[in-house]
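Reviewing the structure listed below.
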């Protein structure tokens, strides 16, 4: 019975809201629905909603409800508007929530998510609870998902939450369009027909031919108001001519007078003192001003006499009063100069001008010069490559062949060894019979000779390596002594003698032996290879001697002793000789035979010196742990002092091709530094420490004795007290 009543009520409603009523349009009369029919329809809906089998009845009931709801609100049903051609506007809220209403679980914001790599969570949700990272499977789990999950290829990982998200078909289509280089919007038409509003063809008729408006023929209302204001100004006398306006401007620019001490009408800035400087405070009392000062602050007889002598010149006194001693504070009398001091204080405050001193605060980081990175200054030796073993005692001196293929070393085991650099193989060993203090290979590649200072003798040895033609030619030249008519003076003949060698020494390679009257410490070659100098520190005014190989002559360049000579060095370009004593370095001109300049290293004991290949800069090593760089064109004092070592610096050396120099010390270290000398004389040399090499062992407080660079490669050789020679590359 209820079903039949519901069907009848539905038919009644449908008959009331049929298509004929909808076609009437807005002029049709609105129908009201009584409460009884509405209640009957609601009951019918509840009854039929429970019946899932009769779908046709449910559709009719839905139509009834829609029609009755519109009528109860007083809204008439209009016919639907015709659809426009083209694309329909897309509803922003049709697909669900917008991006602003998106459910963002992770509230950490737009930050790099790799910050949470070391944590077990990836952020925090809206309740401030940690979002635990999802479990990441291994390679087996990944393979199983790849094989079993059909959506594996469209699954991505959300970096905010770590969860796996399956991309929809729309997302896949969007990704494909982006990868194909097309517009992401699928509904956008790239080839939409273009409407050419303005053509390039000249038309006969104008495009816009609108007749002029009525307003264009009427006078302007705004202009009428402006003219009215101008007429009113003329009537009232407010309008001024140009001459009158210029006179008013001139009157305004004239001198202004104001009351100097006016406070009622003047501005506040006129009464204010700008940049007020506070008065300096009085100095705090010293111990001498105490009523019971210590005895050392009281004047004795001499100090009292000195104080009285400056009675007419009180500004020369140390103190403006005489310290006195009292047993208690109540015994202190009144200060008789109190009023005078206060008066002088007032005069100072009143008459003396005050000024502000700007204190410049410079941080320690600004005082440190900005140096380039060592990586930008390569190549330079950084690691130990070869070790030359064979000596049984300390290796004091080393030297490299000008072509860079062989190395000569001198040791305290009374031997000189010649090595092949590339293989560290000892080619020849030459016994000398005494401690070898210095060895020097001739810098001229055409003269294969090695000068060895052993005891009181200087041996010129043919190493018999390299070009055999040069070796044979050198033996032929040294076989016979040249004939000279000049005789050496008595001082030279008593100091040195050129002599022949024995057959045994000749077989070993010794060609000439020069015997000195004192022990020889150093041998230094001239750049051309014909001259070499020797140093005998104990020989006083005959400590430096210069020998000529071609004539087999010797000469004494100095007649007086200027100090204990440590080492000598020839200038690479000019005819100059550097002589280093204990505390000074003197530069002599060998042609003019005069002193050019005297360098002051400000040290107590110089150990060695080295000259730059260009000849404008000098390195001085001292036993006081310092290495000093001298710019000979700049000053006689060191340009820069390097305190890089912790013990005495034994030797320094420059590289012939690269801007490198090295220093060897008894602290087991060899420090390689960058020393760039520019052609511009206004630019200072650039000095940058690069690498500290510590591979030698310390023996009896001695470590590294000598250091020398390879002539062509950025390699470094060092000899030490551990009986070895090491190559750094």
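The values are calculated or read from the model by the stated rules, or taken from the named source; none is laboratory data. Quick caveat, the model's predicted, so the values are computed rather than measured. Reconstructed Cβ throughout: ideal geometry from the backbone, glycine too, with neighbour counts over all protein chains shown.
Pairing residues of the stretch 177-204 that are touching a residue at least 60 places away in the same chain (Cβ under 8 Å) with residues that are assigned to a loop (DSSP other than H, G, I, E, B) and surrounded by 10 or more Cβ atoms within 10 Å (Cβ to Cβ), at Cβ distances under 6 Å and at least 6 apart in sequence or on separate chains, gives no pairs at all.
Okay, residues lined up against (1) modelled with pLDDT of 90 or more; (2) closer than 20 Å to residue 497 by Cβ; (3) surrounded by fewer than 21 Cβ atoms within 10 Å (Cβ to Cβ):
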position	(1), (2), (3)
521	yes, yes, yes
528	yes, no, yes
531	yes, yes, yes
534	yes, yes, no
550	no, yes, yes
561	no, no, yes
567	yes, no, no
574	yes, no, yes
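Consider residue 554 carefully, then state whether it is buried (at least 19 other Cβ atoms within 10 Å of the Cβ) and in contact with a helix residue (DSSP H, G or I) (Cβ under 8 Å, 6 or more places away or on another chain). Yes; evaluated as a whole, the condition is true for this residue. Scanning the stretch 218-261 for residues being surrounded by 10 or more Cβ atoms within 10 Å (Cβ to Cβ) and modelled with pLDDT under 85 gives a total of 1. Among the residues of the stretch 171-207, the one identified as loosely packed, with under 10 Cβ neighbours inside 10 Å and part of a helix (DSSP H, G or I) is 179. Kindly indicate whether residue 574 is in contact (Cβ under 8 Å) with a residue 40 or more places away in the chain, over 23 Å from residue 518 (Cα atoms), assigned by TED's automatic domain parsing to the domain that holds residue 480 and out of contact with any helix residue (DSSP H, G or I) (no Cβ under 8 Å at 6 or more places or on another chain). It is true that residue 574 is in contact (Cβ under 8 Å) with a residue 40 or more places away in the chain, over 23 Å from residue 518 (Cα atoms), assigned by TED's automatic domain parsing to the domain that holds residue 480 and out of contact with any helix residue (DSSP H, G or I) (no Cβ under 8 Å at 6 or more places or on another chain). Against the criterion of being surrounded by fewer than 15 Cβ atoms within 10 Å (Cβ to Cβ), without any contact (Cβ under 8 Å) to a residue 24 or more places away in the chain and more than 16 Å from residue 706 (Cα to Cα), residue 423 qualifies. Step by step: first the residues of the stretch 499-530, then only those that are over 21 Å from residue 410 (Cβ atoms) and either not assigned by TED's automatic domain parsing to the domain that holds residue 427 or not in a helix (DSSP H, G or I) (or both), then the one that is nearest to the chain's Cα centre (by Cα). Which residue is that? Restricting to residues being over 21 Å from residue 410 (Cβ atoms) and either not assigned by TED's automatic domain parsing to the domain that holds residue 427 or not in a helix (DSSP H, G or I) (or both), the top hit is 527.
Table: residues versus (1) surrounded by fewer than 20 Cβ atoms within 10 Å (Cβ to Cβ); (2) under 29 Å from the mean Cα position of the chain (by Cα).
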position	(1), (2)
636	yes, no
671	no, yes
702	yes, no
726	no, no
